[in-house]
Structure formats: C-alpha cells, structure tokens
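**Q** Here it is, the structure, as structure tokens.
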Amino acid sequence: MANTIHVDVVSAEESIFSGEAEFVVLPGEAGELGIYPRHTPLITRIRPGSVRIKVAGQDAEELIFVNGGVLEVQPNVVTVLADTAIRGHDLDQAKAEAAHQRAAEALHNRGATMEYAKAAAELAEAAAQLAAIRKLRQRK
C-alpha cells in the first residue's frame, strides 16, 4: 500500500504494535499531533494519553494508552517509545479510578514540593487513562 506509514509502538517491557497505518494521532507535548505518510521528520516528547492508529485496510482504529515517552517521525516510519503502553482493550477502569482517587487525595494532603509534583503527575496519568477508556467505550 503506497499511502501508508509504518508504525511501531514500544514500551520498556514489549512491542505493543507494529504495522502499516493510514495515520496516527497522539498527545504531543504541545498538543495533539496527527501524523500521515510522508510527514516532515520530527522528534518530540509525548504526554500521557491515547495513541490512535488507523490500521491500513481496517475500519476500526487501534487504541493504545501511553504514559508519556518520545515520538520519532520519519517520512515513512513513526516510532513511539513509551514509558508505559497498554492496549486499549487491556485498560482496567476500576484500577484507573482507584489510582485517580489516590492521586487526588495525595494532591489534597500534600506535604513537600516533591510529593506534590509526584501526585500531580499521577493524577494526570490516571485522568488520561480514564479518558482513553471513555474514548474506547464510545467507539463500541
């Protein structure tokens, strides 16, 4: 397929996705990024959130939650090096809600600046995970 781009999504533990796609959408450091074939080369950090991959030849998009990381774009290859990556269907809403609650409580009962920064990061991650779960449920 001439109008596709190769996409690799990997975490420290495993390769989550590798294949041809029509486009990729993910949360860049400065906002949401849409990547199509022959995109200008780019390297940027990514925030916690959903990576949406329109797999070539399929109607449904692949959804992967990432906890941040780095994106490298070349004209024919997109590489997502994620700190943590979870396939959309493996996301656990109960765990994400519990993590969100714990982080919100830690933020409210903060002590040191370092604890505040950690709690804020955990809250952002849990909120992004819950948003990914909502997005996945809307598609069904």
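**Q** Considering only segment 72-90, state which residues are modelled with pLDDT under 70 and either in contact with a Gly (Cβ under 9 Å, 6 or more places away or on another chain) or under 17 Å from residue 26 (Cα atoms) (or both). Let's see the steps before the verdict.
**A** If we filter segment 72-90 for residues that are modelled with pLDDT under 70, which is where we start, we get 89-90.
Selection gives nothing.
**Q** Return the total of residues in segment 33-54 being within 18 Å of residue 133 (Cβ to Cβ) and surrounded by fewer than 17 Cβ atoms within 10 Å (Cβ to Cβ).
**A** In the first step, residues of segment 33-54 are kept if they are within 18 Å of residue 133 (Cβ to Cβ); the result is 47-53.
Retained after the next criterion (residues that are surrounded by fewer than 17 Cβ atoms within 10 Å (Cβ to Cβ)): none.
Going through segment 33-54 one residue at a time, the tally reaches 0.
**Q** Follow-up. Within the group 98, 126, which residue is among the aliphatic types (A, V, I, L, M), modelled with pLDDT of 70 or more and crowded, with 16+ Cβ neighbours inside 10 Å?
**A** Values: 98 fails: crowded, with 16+ Cβ neighbours inside 10 Å.
Selected residue: 126, the only one of 98, 126 that is among the aliphatic types (A, V, I, L, M), modelled with pLDDT of 70 or more and crowded, with 16+ Cβ neighbours inside 10 Å.
The values are calculated or read from the model by the stated rules, or taken from the named source; none is laboratory data. Everything numeric here is computed off the predicted structure, so don't read it as measured data. So basically every Cβ, Gly included, is an ideal-geometry build from the backbone, and we count neighbours across all protein chains shown.
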